[in-house]
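Reading through the structure tokens given below for one structure.
Derivation of every value follows stated rules applied to the coordinates shown; laboratory data play no part. Fair warning: this is a prediction, and the values are worked out from it, not measured in the lab. Methodologically, a virtual Cβ is constructed for each residue, glycine included, from the backbone with ideal geometry; neighbour enumeration extends over all protein chains shown.
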Amino acid sequence: MTVTVEKRVTSEETHAGHPRRPRDSYALFLLPGVLAFLTVIVVPFLMNTGVSFTDWQGVGSPSWTGLANYRELMDDSEFWESFRHSLFMVLAMAAVPTAVGLVLAAALFDYIGKHFGSRIVAVLRACFYLPQVLPIAVAGIVWSWILAPTDGSLNELLKAVGLSSWRQDWLGDPDIALYSVMGVMVWVQLGFPLVIFMAGLQRVDPQLHEAAELDGAGWWRRFWHITLPQIRPEIYVVLTWCTIAALKVFGAVYVLTKGGPGGATNVPSYFSFTTFFEKTQVGYGAAISTVLTVIILALSLIGLKLQTRAGTA
Amino acid sequence: MSTALRRYPVLVALCVAALFMVVPFLIVAVNAVKSPAEYSQNGPLSLPDGVYLDGLKDFWERVDYSQKLFNSLLISGAVAVLAVILSVLNAYAIGIGRIKGRTWVLAFFVLANMLPQEALVYPIYYLSKEAGLYDTRLSVIIVFTVIQAAFGTYLLSSVLGQFPREIIEAAKIDGADKWQILWRIVVPVSRPTIGVLLVFFFIWTWNEFLLPLVMLISNDNQTVSVALGVLQGQRLMDATMTNAAALLGVLPAIVFFLLFQRTLTRGIAVGAVK
């Protein structure tokens, strides 16, 4: 989403040299936005950070405990476990969808688009994108029913094709639940990179491909040496965006597993939610969400850097 | 011809993959129209004998689905319109007005968009209680207007940064003030981007879960996503109910998808690759 911003800033700088434009009177238009942002985002964010240094329970007056919450977090195995699960979510929501999305987008664009027409491409793309418009809570309902242990569709299907021994309690078995949630997230997430990559591919000069084809380069070689480098900005956009989404994943975990069984699918977002609203350890919950925020902001900045570098290269 | 033949395996593979993506929707639709007896007898994979709509009707009445749809429409619609207005005002100052320090202002909005809601949720919950706005649709509308406007400001600022200056200069010479230039020239010309933002804000807000879950506890205020998610989380539903819930949750999404498919894909292109 941010490919173009840095370029624009530099082009603005050249305009900024124009003398005597009374541009600051435009600042008035920014007033409602700034006020709204202060009330809804800045103040709550600062409050959250402040509360993370207290032992506040949500009622009464908070007492300052300094870094005690953070020190406790360091030794909290539940916390580390939830972050370990986050890495699995990054795999399921960013790495896999990006890789698969790239191959699918290139195949749709090169093969299907050229040989079978854009109508089929549009229909196939729509199929892949459909889960993206679904509320995550609804996706969770659909999948928790499909993955149900007794008469879930997946288990019934395995029985029907004679693989009864493969039947599982997909969401109830602590050894499997995390992988089941990952599978659902791949399904949810795939459409986003696919659509972005297909839009990016339209930018690639077809002559590059034709020249390479004449030189005898096969599809994989052209994919690797032409397509990939050309849509690098989009790849960074997608990876940054999806990684952030993966770190924030909440609705799916709430609906599918509630972090269970036995914490096997707990993630920081869900962990902070339960710490806030079920255990009412607001100070501790604030510390969890502050750590999460720092990680997300750091990753966003890295992502922005990579994108702008890829965008200007 | 021979090259076309070589392409067919790719087509078949992609069709199978696409089918895998839509199969969950299909089995939900098929099972939502089965009677409980039929479901328990034949399981989830059989085709329905007939169309049995009582399950859907029961579920609709039990969760007062009309109310939930109304709440979702009201909240998402209001957020879409208000967030677009806020984004336009912000982006006008940043993209056209080129106010001082605009890079920092823009960075501020981008960061606001990246902040996880987890780091805002408790203070927002607390402050809205203090302000008497807790468990009102208005509270959710205000919060999401601002959150969505963060993205809108960012996107519109970059679009307006490339707005042809000559048009604005010409309007100034004709005596138009800034307010008139904004509504008579900038907004109409930017209509494609604004349309994309409206659609995105509407659908994003419709799909939001964490904040509405925390903020909207009473039945009369809940959105579709929250009502269905909470029911599922409580594990109160049998298989027939689950399917009714899933189908009723999926249908609006599919309607939006069919209505807005062009805007959605064009919008992603506007956002990512301009």
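At-a-glance table
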| quantity | calculated |
| --- | --- |
| For region A:126-136, Karplus couplings with θ = phi - 60° (6.51, -1.76, 1.60), whole Hz, Gly/Pro x | 4, 4, 6, 7, 3, x, 5, 8, 7, x, 4 |
| Cubic angstrom per residue, convex hull over Cα atoms of region B:115-161 | 76 Å³ |
| Whole-Å distance, taken between Cα centres, linking region B:1-67 and region A:141-204 | 15 Å |
| Sequence-distant lysines (8 or more away, or on other chains) whose Cα lies within less than 25 Å of A:K305 | A:K7, A:K248, B:K100, B:K274 |
| Vicinal HN-Hα couplings computed from phi for region B:198-205 (Karplus, 6.51 cos²θ - 1.76 cosθ + 1.60; Hz; Gly/Pro x) | 4, 5, 5, 4, 4, 5, 4, 5 |
| For A:T54, distant residues with modelled amide H under 5 Å away | A:T65 |
| At R0 = 35 Å, FRET efficiency that the Cβ-Cβ distance of A:W224 and A:D55 yields, to 0.05 | 0.05 |
| Residue-span extension gain [A:K159 to A:K114] - 0.36 nm each, minus C-alpha spacing | 12.2 nm |
| Spin-label pair A:A212/A:L67, simplified geometry with 7 Å Cα→Cβ offset, distance in nm | 5.0 nm |
| Cα gyration tensor, the protein assembly as shown - rounded (a/c under 1.5), prolate or oblate | oblate |
| Ranking of A:R222, B:R7, B:R165 by count of other Cβ atoms within 10 Å, fewest first | B:R165, B:R7, A:R222 |
| Gyration tensor (Cα) of chain B, equivalent ellipsoid semi-axes in angstrom | 42, 28, 16 |
| All aspartates and glutamates inside 19 Å of B:K129 as judged from Cα atoms, apart from same-chain residues fewer than 8 positions distant | A:E278, B:E118, B:D220 |
| Tail fraction, Cα-Cα pairs, region B:1-72, threshold 14 Å, whole percent | 72 percent |
| Reciprocal of mean inverse Cα separation for region A:178-313 (Kirkwood radius, Å) | 17.7 Å |
| Per-residue ³J(HN,Hα) for region A:271-283, Karplus 6.51 cos²θ - 1.76 cosθ + 1.60, θ = phi - 60°, Hz, x for Gly and Pro | 4, 5, 4, 5, 5, 5, 9, 9, 8, 6, 9, 5, x |
| Normalised alpha carbon radius of gyration of chain A [divisor 2.2 N^0.38 Å] | 1.23 |
| Residue order, fewest to most beta carbons within 10 Å, for A:H85, A:H115 | A:H115, A:H85 |
| Region A:166-225: mean projected area of Cα convex hull, nm² | 6.6 nm² |
| Partner aspartates and glutamates for B:K178 [C-alpha distance under 14 Å; skip if fewer than 8 residues away on the same chain] | A:D24, B:E169 |
| Over chain B: helical MRE at 222 nm, DSSP H runs n ≥ 4 each giving -39500 (n - 2.57), nearest 500 | -24500 deg cm²/dmol |
| Distribution of pairwise C-alpha distances over region A:143-191, 5 Å bins, in % | 5, 23, 27, 24, 15, 6, 0 |
